[in-house]
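**Student:** Quick one: this structure, given as structure tokens, is what I'll be asking you about.
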Amino acid sequence: MKLITMKKEFIKGFAYRYKFSLVALMVFLLGGGILFGQGGFRFRGGGGGGGGGGTTTTGGGTVVTGVNTYSVNVRNVNKTMSDGANVNFWGFNSEIPGPVIIVGENQRFDLTLQGGMWPHEMSPYQGHTIHLHGLDVPQSEDGVPETGAPVMGDTYTFYTGSGWAGTYAYHCHVHTVKHLEQGMYGMIVVKPVDSAGNTTNEVYSGGPRYDYEEFWTLSTVDPAYHTATGDSTVFADYNPKYYLISGKEGLSQASPAKTLAAAPGKNVIYRLNGMHSVNSTFSVKDASGNAKAFTVYMQAGRKLAQPETVTSLDVAPGQTFDVLLTLPSSSGTLYPQLTYKDLRNNMPYTNGTVYTKVTF
Amino acid sequence: MNKTSIRVVFTAAIVAGSIFSTGAVFGETKNFLLFAETGNVVVSGAGGATIPAWGYSDVAGQAKFPGPQLEVTEGDTVNITLINYHNRNHNLVVQGLSDSNQTAVQPSQAYTYSFTADRAGTFLYKDTLNSNINRSMGMYGAFIVRPADGTKTVYHQYYDKENVWVVGEMDKSRWNDRAASGQSVNTSVYKPNYFLMNGQGGFSAMHDDAGTTMTGVVGQMALARIVNGGQFSHSLHFHGGHILIVGENGVPLENPRWATTVSVKPNSTKDVIYEMVQPGVFPMHIHTAQMETANGVYLNGVAAMIVIN
């Protein structure tokens, strides 16, 4: 089943990205992994994984699919922000956000957090865990130290059910104020499975299909949190300075956080994962700022009773959504974007909009 | 007139009013007597503080945070008499039910707000005066209207268990300390450093000191009536199961939504029903950085526990 799934995903990705992928194909053949130019598709066929080891591709990080076990460690990641400042993060497998993990419905998955973790805080907030956010796991797999989770490495097992397709999160649940801010978050995507056991590109089982898939983990950065530790009064206030989509800034239409080259009339699914700490609103606009409608299908991995077609969607901290954008049938450019807003008045922050770009 | 004599006179008036009231054709008449006065919010444990505050109480001399939980039945005629024991004006408005009457009650005066609870649901009651300062000093609470048909439902959704979670925040140094000592508050700056669940920090609320723990057995549906009296959005995440979001500000959602995180806007309510699918002990906590702390101390912010047998 693993091999079949791999092959299918490979062919699909290859067809979409053929003209960008010859070099990546060479890398795959030589190195045992697949790297696609656009969208950053990276395949780990052998299970396990681990070790930061991976070269990440332009436009995205590691995507794990076709396996039912995976392993992550925790490592320092130093990022240079748009203003030249350096900010220290802690990344699962050295990535901010951590790898995207794709799982089929009705499947078991074992996600291992390797021991010997570094870096982490001193007592009382020592170690790390993984919380499988939204997956309704038992207490023993919940990753919450205060309810008994080990903090020096563990394997977290979860089972997905029917009707669970959609977007979830995983993140460290030790001192989440500090550890989330440090970048210890990632995305889990549950997909429908066909009769042959392969994941499908349906939004949900029997639902509309998408042609392109975008993974957006939302986060904000207050640099003071990255240097503070323990129970510092720094954590009593939050003053974000950098605004990210999947670890990247995108301060203008001209310098988007992500780009997607697509075909007109096709469907793009946006998987939104709110790991930020303020209010936010997702929207899709053209170059002049005119809003384009999209359809919300899923929240927290559950189908809405009725899909809702809207021109903006609020994504609060801890929420996940799956929305579908149908590109216009004639060529053009759109700017799907995320505007971060303050918790009090819901007013956009200065430079708080992160732009992405879709050409078709 | 001293406080005791005011209380006697007005309590007598309420009793007389009840006796001679003709009563509504549908529903009963429910009378409440509340006091506006000073008090302290006490956040226990590391990072905690005693925060000077203003509040409502049903016992003279002891302001409560949040204000007393008020419950009526759909169709009831409601009379809330507010006796003001504080040195500035206060009022009491049940948002969504009595908004048209925002009469200010002067110090040492009393006033009775009368209205009909014309729909079932969860509502916020609060002081609307003084540019949000009165409310942010602690003057808010939950007002619950139960359905007239007597069923254990909220917005037509059945439930087995029920919790009322009143959340909010306090900016101790810029708002509470200053207003309590008669100084002006610069309302353009609000940087709260205490985040409250039923008037307490997480260290207390997670130990059920305020009756906040959600309990039940596998298979039960547990209603949380969430009332946000604060100025910040509260984004609350449930472990161990999904919730069905069924209503907001006393209005049923046309299409209830499953989620594991619900965002409750400032000055509003949301009702969610947690489906107890497995035994265990799980946290329910806010998912927003500083709001998980008491003045920076982790886990002494907005949190509660879910215990399923």
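The values are calculated or read from the model by the stated rules, or taken from the named source; none is laboratory data. Predicted, not measured: the structure shown is a model, and the values here were computed from it. Here the Cβ positions follow ideal geometry from the backbone for every residue, glycine too, while neighbour counts run over all protein chains shown. SASA here: full protein model, heavy atoms, side chains in, ligands and nucleic acids out. Shrake-Rupley method; radii C 1.70, N 1.55, O 1.52, S 1.80 Å.
**Student:** For region B:159-172, name all the residues that are over 17 Å from B:T73 (Cα atoms) and either surrounded by fewer than 15 Cβ atoms within 10 Å (Cβ to Cβ) or not aromatic (F, W, Y) (or both).
**Tutor:** Listed by number, the residues that qualify are B:D160, B:K161, B:N163, B:V166, B:V167, B:G168, B:E169, B:M170, B:D171, B:K172.
**Student:** On the given criteria, is A:L338 part of a strand (DSSP E or B), within 22 Å of A:P208 (Cα to Cα) and at pLDDT 95 or above? Working first, answer last.
**Tutor:** On the way: part of a strand (DSSP E or B): yes; within 22 Å of A:P208 (Cα to Cα): no; at pLDDT 95 or above: yes.
No; evaluated as a whole, the condition is false for this residue.
**Student:** Give A:L272, A:L244 a once-over and let me know the one that is out of contact with any Gly (no Cβ under 8 Å at 6 or more places or on another chain), more than 14 Å from B:A289 (Cα to Cα), within 13 Å of chain B (Cβ to nearest Cβ) and crowded, with 24+ Cβ neighbours inside 10 Å. Spell out how you get there, then give the answer.
**Tutor:** Details: A:L244 fails: within 13 Å of chain B (Cβ to nearest Cβ).
Exactly one of A:L272, A:L244 is out of contact with any Gly (no Cβ under 8 Å at 6 or more places or on another chain), more than 14 Å from B:A289 (Cα to Cα), within 13 Å of chain B (Cβ to nearest Cβ) and crowded, with 24+ Cβ neighbours inside 10 Å, namely A:L272.
**Student:** Within region B:241-275, can you find the residues that are outside any strand (DSSP E or B), within 12 Å of another protein chain (Cβ to nearest Cβ) and of a type in the set (S, T, N, Q)? Reasoning before the result, please.
**Tutor:** Filtering region B:241-275 down to residues outside any strand (DSSP E or B) leaves B:241-242, B:249-250, B:260, B:265-267.
If we keep only those that are within 12 Å of another protein chain (Cβ to nearest Cβ) too, we end up with B:241-242, B:260, B:265-267.
Across region B:241-275, the qualifying residues are B:T260, B:N267.
**Student:** A further question follows. Yes or no: region B:151-158 includes at least one residue that is over 24 Å from B:E254 (Cα atoms), modelled with pLDDT of 95 or more and crowded, with 21+ Cβ neighbours inside 10 Å. Explain how you work it out, then say what you get.
**Tutor:** Taking region B:151-158 as the starting set, the residues that turn out to be over 24 Å from B:E254 (Cα atoms) are none.
Checked region B:151-158: no residue is over 24 Å from B:E254 (Cα atoms), modelled with pLDDT of 95 or more and crowded, with 21+ Cβ neighbours inside 10 Å.
**Student:** List, please: which pairs have Cβ atoms under 6 Å, are six or more places apart or on different chains, and start with a residue in region A:165-185 that is assigned to a strand (DSSP E or B) and end with one that is among the charged types (D, E, K, R) and buried (at least 24 other Cβ atoms within 10 Å of the Cβ)?
**Tutor:** That search, which allows pairs on different chains as well, returns A:G166/A:D322; A:T167/A:D322.
**Student:** If you don't mind, there's one more thing I want to ask. Output the number of residues of region A:144-167 satisfying the condition of being within 23 Å of A:T320 (Cβ to Cβ) and within 9 Å of chain B (Cβ to nearest Cβ).
**Tutor:** Qualifying residue count, region A:144-167: 2.
**Student:** Residue check, A:F235 against (1) surrounded by 22 or more Cβ atoms within 10 Å (Cβ to Cβ); (2) out of contact with any helix residue (DSSP H, G or I) (no Cβ under 6 Å at 6 or more places or on another chain); (3) not small (G, A, S), all met but one. Which one?
**Tutor:** Result: A:F235 passes all but (2).
**Student:** Report every pair of residues separated by at least 6 positions or lying on different chains whose Cβ atoms are under 8 Å apart, first residue within region A:122-138 and open to solvent by 60 Å² or more (accessible area, probe 1.4 Å), second aliphatic (A, V, I, L, M) and part of a loop (DSSP other than H, G, I, E, B).
**Tutor:** Going by the 8 Å Cβ cut-off, the qualifying pairs are A:Q126/A:V151; A:Q126/A:V174.
**Student:** Look at region A:300-315 and say how many of its residues are on the phi < 0 side of the Ramachandran plot and either open to solvent by less than 10 Å² (accessible area, probe 1.4 Å) or more than 9 Å from chain B (Cβ to nearest Cβ) (or both).
**Tutor:** Residues of region A:300-315 that are on the phi < 0 side of the Ramachandran plot, as a first pass: A:302-315.
Filter once more, keeping what is either open to solvent by less than 10 Å² (accessible area, probe 1.4 Å) or more than 9 Å from chain B (Cβ to nearest Cβ) (or both): A:307, A:309-313, A:315.
Of the residues in region A:300-315, 7 are on the phi < 0 side of the Ramachandran plot and either open to solvent by less than 10 Å² (accessible area, probe 1.4 Å) or more than 9 Å from chain B (Cβ to nearest Cβ) (or both).
**Student:** Something else: Would you say B:F203 is open to solvent by less than 10 Å² (accessible area, probe 1.4 Å), of a type in the set (F, W, Y) and more than 7 Å from chain A (Cβ to nearest Cβ)? Even if it seems obvious, please write down each step before you answer.
**Tutor:** Working: open to solvent by less than 10 Å² (accessible area, probe 1.4 Å): no; of a type in the set (F, W, Y): yes; more than 7 Å from chain A (Cβ to nearest Cβ): yes.
So B:F203 does not fit the description; no.
**Student:** For region A:192-203, what are the residues that are touching a Pro at 6+ places or on another chain (Cβ under 6 Å) and crowded, with 21+ Cβ neighbours inside 10 Å? Please lay out each step first, then the result.
**Tutor:** Start the filter on region A:192-203 by keeping residues that are touching a Pro at 6+ places or on another chain (Cβ under 6 Å), which leaves A:200, A:202.
Matches in region A:192-203: none.
**Student:** State which residue pairs qualify: first residue over 13 Å from B:R135 (Cα atoms) and within 14 Å of chain A (Cβ to nearest Cβ) and inside region B:44-56, second residue assigned to a strand (DSSP E or B) and open to solvent by 30 Å² or more (accessible area, probe 1.4 Å) in any location, beta carbons under 7 Å apart, and separation of 6 or more residues or different chains.
**Tutor:** B:I51/B:N40
**Student:** Could you tell me how many of the residues in region A:174-189 are within 26 Å of A:G161 (Cα to Cα) and among the β-branched types (V, I, T)?
**Tutor:** Adding up the residues that qualify gives 2.
**Student:** In addition: Would you please list the contacts, defined by Cβ atoms under 6 Å and residues six or more apart or on different chains, that run from a residue in region A:255-281 that is touching a residue at least 40 places away in the same chain (Cβ under 8 Å) to a residue that is among the basic types (K, R)?
**Tutor:** Partner pairs satisfying both residue conditions: A:P256/A:K357; A:A257/A:K248; A:T259/A:K357; A:N279/A:K341.
**Student:** Sort out which residues of region B:276-309 are more than 9 Å from chain A (Cβ to nearest Cβ), in a strand (DSSP E or B) and in contact with a His (Cβ under 9 Å, 6 or more places away or on another chain), and write them in order of number.
**Tutor:** If the condition is that a residue be more than 9 Å from chain A (Cβ to nearest Cβ), in a strand (DSSP E or B) and in contact with a His (Cβ under 9 Å, 6 or more places away or on another chain), then B:M284, B:A303, B:A304, B:I306 are the ones that fit.
**Student:** Could you count how many residues in region A:139-157 are more than 16 Å from A:G98 (Cβ to Cβ), part of a strand (DSSP E or B) and either open to solvent by less than 20 Å² (accessible area, probe 1.4 Å) or among the aliphatic types (A, V, I, L, M) (or both)?
**Tutor:** 1
**Student:** Given the criterion over 19 Å from the mean Cα position of the chain (by Cα) and surrounded by 18 or more Cβ atoms within 10 Å (Cβ to Cβ), identify the matching residue among B:L244, B:L223, B:L236, B:L196.
**Tutor:** Working: B:L223 fails: over 19 Å from the mean Cα position of the chain (by Cα); B:L236 fails: over 19 Å from the mean Cα position of the chain (by Cα); B:L196 fails: over 19 Å from the mean Cα position of the chain (by Cα).
Exactly one of B:L244, B:L223, B:L236, B:L196 is over 19 Å from the mean Cα position of the chain (by Cα) and surrounded by 18 or more Cβ atoms within 10 Å (Cβ to Cβ), namely B:L244.
**Student:** In region B:67-119, what residues are of a type in the set (D, E), part of a loop (DSSP other than H, G, I, E, B) and under 17 Å from B:K30 (Cβ atoms)?
**Tutor:** Within region B:67-119, B:E74, B:D76, B:D118 meet the criteria.
**Student:** Hey, among the residues in region A:289-327 that are in contact (Cβ under 8 Å) with a residue 60 or more places away in the chain and assigned to a loop (DSSP other than H, G, I, E, B), which one's farthest from A:V137 (Cα to Cα)?
**Tutor:** A:L327
**Student:** Let me ask something additional. Among the residues of region A:345-359 satisfying the criterion of being closer than 18 Å to B:P266 by Cα and in a loop (DSSP other than H, G, I, E, B), which is most open to solvent (accessible area, probe 1.4 Å)?
**Tutor:** That would be A:M347.
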